[in-house]
1. Sorted by mean Cβ packing within 10 Å, highest first, what order do the peptides 80-91, 188-199 take?
2. Given the whole protein assembly as supplied and a 1.4 Å probe, what does the accessible area of His61 come to in Å², nearest 10?
3. Rounded, prolate or oblate for the range 247-347? Axes are the square roots of the Cα gyration tensor eigenvalues, ordered a ≥ b ≥ c, and the cut-off for rounded is a/c under 1.5.
4. Using a Förster distance of 51 Å, how high is the FRET efficiency between Ala86 and Asp305, based on the Cβ-Cβ distance and rounded to 0.05?
5. Express in Å², to the nearest 10, the accessible area of Leu117 obtained by rolling a 1.4 Å probe over the protein heavy atoms while all chains stay in place.
6. Could you sort 294-306, 250-262 so that the peptide with the highest average Cβ count within 10 Å comes first and the rest follow in order?
7. Give me a comma-separated list of calculated 3J(HN,Hα) values for the range 201-207, in order, Karplus coefficients 6.51, -1.76, 1.60 applied at θ = phi - 60°, integers in Hz, x for any Gly or Pro.
8. With the cut-off at 29 Å, tell me which of the pairs Lys46/Lys337; Lys252/Lys324; Lys219/Lys321 have Cα atoms farther apart than that.
Amino acid sequence: MNQQLRGESDYEQLPDDVPVSAHVADVEQGKGISAYFIFVIQVKLKGGGRYFIFRRYRQFHSLQAKLKGKFDPENNKTFNTCALPALPGKVYLGNKQEIAEKRIHELNIYMKKLLALPAWILLDEDLRIFFYQTTEDSVQVPKSLRRLRPPTRRVQTKTVKEEVIPEDEKPWAEALYNFTGASDLELTFKAGDIIYLLKRVNEQWFEGIHSHCTGIFPKSFVRIIKDLSQEVTAVQEDRRIVARWFRCVYHKEQCCEIRDIYLKAGISLHPEYKMLLSMMRAEFATEDIALNYCDPEGDLVRILDDMDMELMAMEAEERPKVTKADFVPWQLHVSRKNDLSIYNIHP
């Protein structure tokens with residue numbers, strides 16, 4: 001957590017329901033006479049709680065105007081003044097969706113700097129109202145969360161050995177926009193930079209190398225010039241049968257049910273996502289389910305594709321969730337598709 005501009009003692013005295021970090025998880029088109037776009041924002045509270053809010057750019061602009069009127073040194077001659085972060089300006093011409101997509105990075109920087117200001121500003125009524133989850137926010141369900149940074153999808157930061165491959169044969173991409181990583185797990189680059197691709201983390205994130213650093217980055221910020229090849233041999237090896245049982249935790253509305261599931265034909269360490277999803281739909285007799293795994297920090301991460309299955313298997317190999325004989329080491333968590341509350345629990 002960024003506390004560069006805060007006093008530690010002041011921060012500790014803040015209530016648990018004060019927002020301390022936020023980032024844009026997606027952009028959705030709003031319903032109205034004219035086209036407009038809404039930013040889906042994940043907010044984290046000091047007490048550890050997380051939720052989603054839905055805000056238009058004009059609401060950011062209104063908040064900035066109110067804060068300037070109170071705290072900007074040019075508008076306020078009292079002692080309670082502070083230099084506020086810059087908000088990206090209005091754009092009047094162009095494709096509205098493209099404008100919204102390009103604002104994501106700047107809005108993330110704005111919110112990061114805003115919530116790193118002195119503790120007394122975090123208690124401001126207008127700022128808290130902006131980040132407060134209203135009743136309308138609570139009933140809305142995000143559609144895809146394409147840019148939701150999975151806190152558990154960690155990548156290795158050790159030095160990567162250079163492969164003896166000609167530069168023009170390596171998978172690579174060109175950066176379309178500037179991107180600043182939110183942690184040391186993410187790359188930082190500028191528009192026009194070259195990033196060499198290592199693997200696809202999921203449909204929206206890649207892992208790559210830039211300036212001798214390894215990290216993940218969003219696909220939407222780059223143009224793929226030479227895509228990753230399909231390593232058929234490695235995939236076939238990963239699909240080998242290793243056990244006959246796997247453990248599943250089903251998150252119901254009021255409780256959790258643990259099932260040990262037996263497969264006569266066996267199951268691999270890296271099962272296919274669609275196959276496992278189909279199997280769980282049949283097991284629980286409903287289409288309305290989602291697959292998840294529990295990371296080393298105790299957070300649940302939703303599984304969306306085969307790359308997520310690989311991440312689950314990789315983490316389970318390092319820290320087995322199940323150690324019984326003839327069981328795969330990972331443990332599957334099944335939830336209702338629209339139940340987002342499970343992502344704040346620590347099972």
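The values are calculated or read from the model by the stated rules, or taken from the named source; none is laboratory data. In this text the structure is predicted, and so the values were computed from the model without any measurement. All Cβ positions, glycine included, derive from the backbone under ideal geometry; neighbour counts span all protein chains shown. For the accessible areas, the whole protein counts, side chains as well, though only heavy atoms, and no ligand, DNA or RNA atoms are used. Shrake-Rupley method; radii C 1.70, N 1.55, O 1.52, S 1.80 Å.
1. Highest to lowest by the protection proxy: 188-199, 80-91.
2. Near enough 80 Å² of accessible area.
3. Numbers: a/c = 1.41, a/b = 1.14, b/c = 1.24.
Verdict is rounded for the range 247-347.
4. Working from the Cβ atoms, E equals 0.85.
5. Probe radius 1.4 Å; accessible area of Leu117 about 0 Å².
6. Most protected by this proxy first, the peptides run 294-306, 250-262.
7. Whole-Hz 3J(HN,Hα) from phi for the range 201-207: 6, 7, 5, 10, 10, 10, 10.
8. Lys219/Lys321
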